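The structure's right below; bear with me while I get my questions together.
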Amino acid sequence: MRLALYQPEIAPNVGASIRITACFDTALDIIEPCGFPLKDKEIRKVALDYGALVTPRYHASWQAFLASESRHSGRLILLSTKAETSIHDFSFLPSDICLIGQESAGVPDEVRSECDAITCIPLSIGARSLNMSVAAAITLAEARRQTGYGPRL
């Protein structure tokens with residue numbers, strides 16, 4: 001299982017994603033350009049010591065990600081507020097790559113067209129979206145639940 005962030009704009013969201021992927025034993029891909037310097041101390045501040053548990057793979061562009069080993073490791077599953085299929089009705093596989101778009105704009109059509117499936121988190125009427133790191137955590141928790149990943153006892 002992998003989490004891929006498409007051109008994130010807010011450093012603390014990347015820090016939270018590092019912590020989330022560490023907790024769910026999930027690899028992390030960051031597709032640049034980002035809306036902040038990648039050495040931003042806000043990333044480390046939010047990631048806490050979890051940064052030692054996850055080594056993100058950085059991709060200089062969408063095209064670089066498409067050509068990478070990461071992209072060819074499994075299906076690319078986009079999380080979108082415009083999807084009709086709920087993450088609860090979708091069958092995740094352990095090799096899936098869950099893709100989260102930019103905080104302000106999601107992903108462009110060229111990215112959407114490369115995805116193998118598009119899913120959403122059901123929200124209450126009138127709610128537009130969740131914070132991207134919160135959405136990532138919910139999606140990874142559901143994907144891990146479906147694929148048999150359980151808590152450490």
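Name the single residue that is surrounded by the fewest Cβ atoms within 10 Å (Cβ to Cβ) among those in the stretch 60-73 being farther than 16 Å from G101 by Cβ and over 14 Å from the mean Cα position of the chain (by Cα).
E69
Something else now. List the number of the failed condition for I31; all other conditions in (1) in contact with a Phe, Trp or Tyr (Cβ under 8 Å, 6 or more places away or on another chain); (2) within 21 Å of T147 (Cα to Cα); (3) hydrophobic (A, V, I, L, M, F, W, C) hold.
(2)
Sticking with this structure for a sec: What are the residues in the stretch 74-97 that are part of a strand (DSSP E or B) and surrounded by 15 or more Cβ atoms within 10 Å (Cβ to Cβ), if any?
Selection gives L76, I77, L78, L79, I97.
May I pose another question? Of the residues that sit in the stretch 87-111 and are of a type in the set (D, E, K, R) and without any contact (Cβ under 8 Å) to a residue 60 or more places away in the chain, which one is nearest to I31 (Cα to Cα)?
E110
Exactly one condition in (1) over 15 Å from A135 (Cα atoms); (2) surrounded by fewer than 20 Cβ atoms within 10 Å (Cβ to Cβ); (3) within 16 Å of the chain's Cα centre (by Cα); (4) not hydroxyl-bearing (S, T, Y) is not met by E103; state its number.
(1)
E114: touching a residue at least 24 places away in the same chain (Cβ under 8 Å), among the charged types (D, E, K, R) and either touching a Lys or Arg at 6+ places or on another chain (Cβ under 7 Å) or assigned to a loop (DSSP other than H, G, I, E, B) (or both), yes or no?
yes
Which of the following residues is outside any strand (DSSP E or B) and modelled with pLDDT under 90: A47, A22, A64?
Exactly one of A47, A22, A64 is outside any strand (DSSP E or B) and modelled with pLDDT under 90, namely A47.
Moving to a separate point now. Please verify whether I118 is among the β-branched types (V, I, T), more than 16 Å from T147 (Cβ to Cβ) and within 12 Å of the chain's Cα centre (by Cα), treating the condition exactly as stated.
On the way: among the β-branched types (V, I, T): yes; more than 16 Å from T147 (Cβ to Cβ): yes; within 12 Å of the chain's Cα centre (by Cα): no.
So I118 does not fit the description; no.
When you scan the stretch 1-19, how many residues do you find that are crowded, with 21+ Cβ neighbours inside 10 Å, in a helix (DSSP H, G or I) and under 13 Å from the mean Cα position of the chain (by Cα)?
Result for the stretch 1-19: 6.
The values are calculated or read from the model by the stated rules, or taken from the named source; none is laboratory data. Not measured: the values here are computed from a predicted model. Backbone-built Cβ (ideal geometry, glycine too); neighbour counts: all protein chains shown.
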